[in-house]
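Have a look at the structure below before the remarks.
What follows draws every value from the coordinates through simple rules; no lab data is involved. None of these values were measured; they are calculated from a predicted model. Virtual Cβ from ideal backbone geometry, glycine too; neighbours counted across all protein chains shown.
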Amino acid sequence: MKKVLVTGGAGYIGSHVVRQLGSAGYDVVVYDNCSTGSRTSVLHGELIIGDLADTEHLYQVFAKHQFTTVVHFAASLSVPESVVRPLDYYANNTRNTLNLLRCCSVMNVNQIIFSSTAAVYGEVKENPVTESVPTQPINPYGRSKLMSEWLIQDYAAASSLRYVILRYFNVAGAEPGGRLGQISANATHLIAAAIDAALKRKSAMQIFGTDFPTPDGTGIRDYIHVEDLATAHLDALRYLEENGESQILNCGYGQGYSVRQVISRVKAISGVDFPVIETNRRPGDPACVTACADKISKVLGWQPKYNDLDKIVHTSLAWEMYREGLLQSSLNKPMLHGKITFTT
Ligand code: UFG
């Protein structure tokens, strides 16, 4: 059976990929230090608690298992945190990718799928963004990921390694069966902030900037459902198994929604008209970022199933309500259509 190593497989995106790998019949080993991920999110395979900085442990894991492919998620991912702790980001993201590649080199693992980000593009001048746009990241997080991309590309050029680098746009949503979702506390991204307000975890939410050159003045982003993103990894894996050549691919829908549009859907789906405070722009926020998703569909044959803002909001909300205990089990609910009624 094909054995896949998933670093960071206990995290938000990694755990969704691990579940899909399990359903597709892959043998999976998760390597995760569980600093932000959770043991309970690993629904398939073996979980090894370990850190990519611990190269000795990593070599032992590679020596024990015969991996055909590595799927590399483990990383730090907060843009503001990367600005105040840049060295931690270069260590955890860039140096640890180097550690992993060294292991791949010594142990002859020659396929890798890497979790990258639209943050490598930096200030976007034209939308939708294609993969050939020059990369100019504007924060340590984006640079640490771009440097990891370069490590992979340079090593691949000098070896038999083949890779698929996936550049994620704005990932959100939860597994529609109610088994998985985002667990991290203090999530700052838009949909999490709006749901926190809907669930009254905070008194109001903020809109960061209403004077952007967009139709309603608020920022526009390309929100992609985590299940579709996970499927892109399985497509990438099959592609590499069929000897596909190395690729860098955007992962988004190519469809943008403004902050006001997202808030309005969260209000409609939750049935809660929570207070919204309009405030100044957040430093470094571009007006609009949407993906050109043509290449991933063409190269991998990727076919998203949840390309709908309501499905993203609905599954996120159901997951958070489940975590709050407002839903007995989101498994029993019609997750993708209809309204969730609050019991509070
Ligand atoms: N926003 C608000 N209020 C909030 C949170 C966000 O108005 O409480 C706005 C932001 O200003 C922005 C939009 O909602 O206009 C989206 O912001 P997010 O924080 O949800 O996401 P970002 O686009 O800033 O960044 C995300 C990831 C990055 C990744 C990037 C790629 O956090 O890691 O997408 O596009 F690199």
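Please build a GNM for the chain, connecting alpha carbons under 10 Å apart, and tell me which residue among 302, 319, 150 fluctuates the most. The residue that fluctuates most here is 150. Residues in segment 51-62 carry Karplus couplings, in order, of 10, 5, 6, 8, 5, 4, 4, 4, 4, 4, 5, 4 Hz; the curve used is 6.51 cos²θ - 1.76 cosθ + 1.60 with θ = phi - 60°, and Gly or Pro positions show x. In this Cβ point-charge picture (+1 for Lys and Arg, -1 for Asp and Glu), the chain has a dipole of about 460 debye about its Cα centre.
Ignoring aspartates and glutamates fewer than eight residues from residue 64 along the same chain, the ones with Cα atoms less than 13 angstrom from its Cα are 46, 56. The listed peptides 17-23, 62-68, ordered by packing as a protection proxy, come out as 17-23, 62-68 (highest mean of other Cβ atoms within 10 Å first). Take segment 35-98, drop everything but the C-alpha atoms, weight them equally and run the Debye formula without solvent; then report log10 I(q)/I(0) at 0.16, 0.25 Å⁻¹ to two decimals. Each listed q corresponds, in turn, to -0.66, -1.25. Distances between placed amide hydrogens fall under 5 Å for residue 171 paired with 224, all partners being 5 or more residues away or on another chain. Over all pairs of different C-alpha atoms, the chain has a mean inverse distance whose reciprocal, the Kirkwood radius, equals 20.5 Å. Structural descriptor for the chain: relative contact order 18 percent, calculated from alpha carbon pairs under 8 angstrom and at least 6 residues apart.
Grouping the Cα pair distances of segment 1-76 into 5 Å bins from zero gives a pair-distance distribution of 4, 18, 32, 26, 15, 4, 0 percent in increasing distance order. How far, in degrees from 0 to 90, does helix 140-157 lean away from the longest principal axis of the Cα atoms of the chain, to the nearest 10? With rounding to tens, the tilt is 30 degrees. Taking the longest Cα principal axis of the chain as reference, the axis of helix 226-241 is set at about 20 degrees.
Across segment 9-16, coupling constants 3J(HN,Hα) worked out from phi with the 6.51/-1.76/1.60 Karplus curve, θ = phi - 60°, read x, 8, x, 4, 6, x, 5, 5 Hz, and Gly and Pro carry x. To the nearest ten degrees, helix 96-106 and the longest principal axis of the Cα atoms of the chain are 30 degrees apart. Shape call for segment 101-181 from the C-alpha gyration tensor, a ≥ b ≥ c root eigenvalues: rounded (a/c under 1.5), prolate (a/b greater than b/c) or oblate? Note, shape of segment 101-181 comes out oblate. Mean residue ellipticity, 222 nm, helices only, the chain: the sum of -39500 (n - 2.57) across DSSP H runs of n ≥ 4, divided by residue count and rounded to 500, is -10500 deg cm²/dmol.
When both bridge partners sit in the chain, DSSP labels roughly 5% of those beta bridges antiparallel.
Rounded to the nearest angstrom and listed largest first, the equivalent-ellipsoid semi-axes of segment 1-146 from its Cα gyration tensor are 27, 17, 15. Farthest towards the positive end of the charge dipole of the chain, among the residues 219, 93, 296, is the Cα of 219, using unit charges on the Cβ of Lys, Arg, Asp and Glu.
Step through the table entries 200/295; 267/305; 202/305; 125/295; 3/298; 145/298, compare each Cα-Cα distance with 30 Å, and write down the pairs that go over it.
Values: 200/295 41 Å; 267/305 23 Å; 202/305 32 Å; 125/295 20 Å; 3/298 27 Å; 145/298 25 Å.
In this structure, 200/295; 202/305 exceed 30 Å between Cα atoms.
Packing order of peptides 5-15, 71-81, 100-110, highest average first: 5-15, 71-81, 100-110 (average count of other Cβ atoms within 10 Å over each peptide's residues).
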